[in-house]
Amino acid sequence: MRFETPLIPAVLIRRYKRFLADCRLEDGREVTAHCANPGSMMGLAEPGMKIWLEPNDDPKKKLKYGWRLVEHADGHFTGVDTSVPNRALRAALEAGEISELAAYKTVRPEVKYGEKSRIDFLLQQDGLPDCYVEVKSVTLSREPGLAEFPDSVTARGTKHLGELANMAAQGHRAVMLYLVQRTDCDRFQLAADIDPAYAAAFARAYSAGVERLVLGTRITPQGVEAGAPVAAAH
């Protein structure tokens, strides 16, 4: 998935009201960018961080910049836009690039199911059970090389695990896919100390037959692509 508009570098001044960020461009101008991330963004919203913004000239948008990436001091990147994983994964799924799911040729995004829920992707193929794929963006890292989810309490995420468990109980295939939007992590685990209820819900879903798939990403200021599997702690 390539960004629609070339990104430009900036320095973060502050993030506030969850979805707003004041930033300083290279020419010294201060602008407000939309932050498409409802989580805590722990460790990713410190003043002075180098970030990358996507400009837009859409008259329907109040803010003319969107915050897409954090660039760390060591040259690694973190993708902070939670809408990006679904766009990147859709391209990978349709191209058959995710080996665990490559047998499915029909990819349907945002399909209604369960109790007033929408599954990120419903995969279908003659001769195979329907496959329900829920996607979560992983950006938290509190220990070098280790990515964690979630970065804040997520009642919505807990509900999604219950919905997936119900699909597995009905004989469908159900997959919880964690996309690690960081280039500096090669391991993954649940942050049970941050949201014990989510961790418990995952354990129940896993026991009910829900599969776990953790993928890394390739991130540059040009775009984000799904990458190789990441090792997950049990």
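The values are calculated or read from the model by the stated rules, or taken from the named source; none is laboratory data. Computed from a predicted structure; not experimentally measured. All Cβ positions, even for glycine, are placed from backbone atoms using ideal geometry, and neighbour counts span all protein chains on display. Keep in mind that these areas ignore ligands, DNA and RNA; they rest on the heavy atoms of the full protein, side chains included. Shrake-Rupley method; radii C 1.70, N 1.55, O 1.52, S 1.80 Å.
What to note about this one:
- Simple Cβ-charge dipole of region 1-101, Lys/Arg +1 and Asp/Glu -1, about Cα centre, in debye nearest 20: 520 debye
- Multiplying the residue separation of Ile8 and Gln125 by 0.36 nm and removing their Cα-Cα distance gives an extension gain of 38.0 nm.
- Of the GluC sites (Glu not before Pro) found in region 69-155, those in coil by DSSP whose Cβ has at most 15 other Cβ atoms within 10 Å are Glu97, Glu115.
- Tensor-based shape of region 148-188 (alpha-carbon gyration tensor, a/c under 1.5 rounded, otherwise prolate or oblate): oblate
- Taking a ≥ b ≥ c as the square roots of the eigenvalues of the Cα gyration tensor, an a/c ratio of 1.5 or more together with a/b no larger than b/c marks region 92-148 as oblate.
- In terms of its C-alpha gyration tensor, region 101-209 has a prolate overall shape, because the principal axis ratio a/c (a ≥ b ≥ c, square roots of the eigenvalues) is not below 1.5 and a/b outweighs b/c.
- Based on alpha carbons, the Rg and Dmax found for the chain are 18.0, 59 Å.
- Comparing Tyr132, Tyr113, Tyr178 in a Gaussian network model of the chain (Cα springs below 10 Å), the most mobile by mean-square fluctuation is Tyr113.
- On the chain, 51 percent of the accessible area sits on carbon and sulfur atoms, based on a 1.4 Å probe.
- For region 1-64, the set of trypsin sites (Lys or Arg not before Pro) satisfying both a DSSP loop assignment and a count of at most 11 other C-beta atoms within 10 Å is given as Lys17, Arg29, Lys60, Lys61, Lys62.
- Surface calculation, 1.4 Å probe, protein heavy atoms: Ile13 sits at approximately 50 Å² accessible.
- Computed per residue of the chain from DSSP H runs no shorter than four, each worth -39500 (n - 2.57), the mean residue ellipticity at 222 nm is -5000 deg cm²/dmol.
- For the residue pairs Lys64/Lys116; Lys17/Lys62; Lys60/Lys136; Lys17/Lys64; Lys112/Lys136; Lys105/Lys159, the alpha carbons lie more than 26 Å apart in Lys64/Lys116; Lys60/Lys136; Lys105/Lys159.
- A 1.4 Å probe, protein heavy atoms only, puts the accessible area of His34 near 80 Å².
- Using C-alpha pairs under 8 Å with a sequence gap of at least 6, the mean separation divided by the residue count of region 1-152 gives a relative contact order of 16 percent.
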